[in-house]
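The values are calculated or read from the model by the stated rules, or taken from the named source; none is laboratory data. Please read all numbers here as calculations on a predicted model, not as lab measurements. Here the Cβ positions follow ideal geometry from the backbone for every residue, glycine too, while neighbour counts run over all protein chains shown.
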Amino acid sequence: MLNFSMSEFIHSDTATRYKINNMPDIRSLDNLLKLIYFCAQPLRDKAKKPFIVTSGYRSPQLNKAIGGSTSSHHCIGCAMDFHIAGMSIAQGIEFIRKSDIKFTQLIDEGSWIHISYLESNLKCEVLKYRNGVYSKI
């Protein structure tokens with residue numbers, strides 16, 4: 001059973017406010033499905049807690065509007081930002097680190113967790129982002 005809907009991964013208040021089309025192309029949609037099926041849902045199943053998705057796919061226009069990185073995995077449907085209900089960011093990061101679920105990057109962003117899944121690069125890199133600097137943790 002899936003606990004995620006595609007609308008969670010494409011909704012954006014910014015896109016709505018500025019009338020930005022945030023519909024993924026077929027490649028990005030395929031990537032979103034892989035992110036959900038191979039990463040997000042297995043983690044959700046292990047946690048037995050809801051995941052609150054705050055950002056998923058971002059069209060290039062939306063990514064530019066929010067000041068996102070031009071190389072963001074969000075722009076190709078391979079990333080999500082989220083919280084795990086009942087867990088702090090640090091607890092969520094530690095839970096994911098200890099799971100056997102593969103991912104590309106896991107980033108403690110301070111106020112949310114970022115995870116990306118590119119099936120060709122499952123390096124399980126764990127980072128912390130603070131004051132404009134990424135560091136390994």
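Of all residues in the range 29-58, those satisfying the criterion of being surrounded by 22 or more Cβ atoms within 10 Å (Cβ to Cβ) and in a helix (DSSP H, G or I) are Asn31, Leu32, Leu35, Ile36, Cys39, Ala40.
So in the range 124-133, with the set limited to residues that are more than 22 Å from Tyr57 (Cβ to Cβ) and in contact (Cβ under 8 Å) with a residue 12 or more places away in the chain, which one is surrounded by the fewest Cβ atoms within 10 Å (Cβ to Cβ)? The selected residue is Arg130. The listed residues are Gly68, Gly86, and the only one of them that is surrounded by fewer than 18 Cβ atoms within 10 Å (Cβ to Cβ), more than 16 Å from the chain's Cα centre (by Cα), not in a helix (DSSP H, G or I) and not acidic (Asp, Glu) turns out to be Gly86.
Okay, residues lined up against (1) among the hydrophobic types (A, V, I, L, M, F, W, C); (2) modelled with pLDDT of 95 or more; (3) out of contact with any helix residue (DSSP H, G or I) (no Cβ under 7 Å at 6 or more places or on another chain):
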{"position": "Ser69", "(1), (2), (3)": "no, no, yes"}
{"position": "Ser72", "(1), (2), (3)": "no, yes, no"}
{"position": "Gly77", "(1), (2), (3)": "no, yes, no"}
{"position": "Glu94", "(1), (2), (3)": "no, yes, yes"}
{"position": "Ile107", "(1), (2), (3)": "yes, yes, yes"}
